[in-house]
Amino acid sequence: MSSSKDNIIDFQQYKEKRKIQRTVPSAEKTSLENDFQGKLRLTQEDAEMIIYCMRLGREYFMIEVEEIPDESGQPQKDLETVNRLLDRIQYEVLKLQTEEGYIVSLRFLELAFIVDCVEMTRSAVEKGIDVFQSEPGDKEDYRKWLDETFFYLLDVYEKWRFYQGQ
């Protein structure tokens with residue numbers, strides 16, 4: 001995203017933060033609870049921002065896969081995850097809709113992954129990286145749009161954690 005050391009965004013730090021939040025040991029949890037799935041309601045604007053952020057994430061993961069040999073294959077798994085989620089969200093957006101919104105069925109970990117992608121984009125913007133490549137007057141509108149999408153997703157994420165008893 002940028003060659004300056006201050007402006008380098010590391011997706012892994014967001015994944016690790018979310019992973020720490022999820023590691024609540026519980027022998028009582030069944031595989032059904034661990035594979036919690038919900039329906040995420042998205043407005044057109046939220047869907048567009050998520051798609052944009054995930055496409056930025058995909059670019060990051062492709063660079064990671066090409067440049068950093070990783071024995072665990074995590075960058076490759078992340079790239080596959082972002083491609084799979086993008087396909088599902090774009091499919092919903094491209095379907096003929098009678099309503100003004102979209103509903104996407106997601107597993108809890110998929111929602112966490114989307115939140116990470118959006119949060120990584122927010123961090124890049126906060127560090128001064130011009131991820132939107134927009135006119136100076138539009139940057140504040142894009143930033144507001146990004147923040148609204150992020151806080152909506154974070155709210156849903158927290159509610160889903162609550163439903164799981166975490």
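The values are calculated or read from the model by the stated rules, or taken from the named source; none is laboratory data. Note that this is a predicted model, so its numbers are computed, not measured. Neighbour counts are summed over all protein chains in view; Cβ atoms, including those assigned to glycine, are modelled from backbone coordinates with ideal geometry. SASA here: full protein model, heavy atoms, side chains in, ligands and nucleic acids out. Shrake-Rupley method; radii C 1.70, N 1.55, O 1.52, S 1.80 Å.
Tell me the residue from Leu42, Leu86, Leu56 that is under 19 Å from Leu111 (Cα atoms), modelled with pLDDT of 85 or more, open to solvent by less than 90 Å² (accessible area, probe 1.4 Å) and outside any helix (DSSP H, G or I), please.
Unique residue meeting the criteria: Leu42.
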Determine whether Arg143 is of a type outside the set (Gly, Ala, Ser), within 19 Å of Arg41 (Cβ to Cβ) and part of a helix (DSSP H, G or I). no
Determine which member of the set Gln133, Gln76 is among the polar types (S, T, N, Q) and touching a helix residue (DSSP H, G or I) at 6+ places or on another chain (Cβ under 7 Å). Gln76
Expected single match for out of contact with any Pro (no Cβ under 9 Å at 6 or more places or on another chain), without any contact (Cβ under 8 Å) to a residue 60 or more places away in the chain and among the β-branched types (Val, Ile, Thr) among Val115, Val104, Val93 is Val93
Among (1) open to solvent by 70 Å² or more (accessible area, probe 1.4 Å); (2) under 17 Å from Asp46 (Cβ atoms), there is one condition Thr121 misses while meeting the rest; what is its number? (1)
Only one residue in Asp130, Asp147, Asp155 is open to solvent by 30 Å² or more (accessible area, probe 1.4 Å), over 14 Å from the mean Cα position of the chain (by Cα) and not aromatic (Phe, Trp, Tyr), so which one is that? Asp130
Surrounded by fewer than 17 Cβ atoms within 10 Å (Cβ to Cβ), in a helix (DSSP H, G or I) and on the phi < 0 side of the Ramachandran plot: is that true of Asp138 in this structure? yes
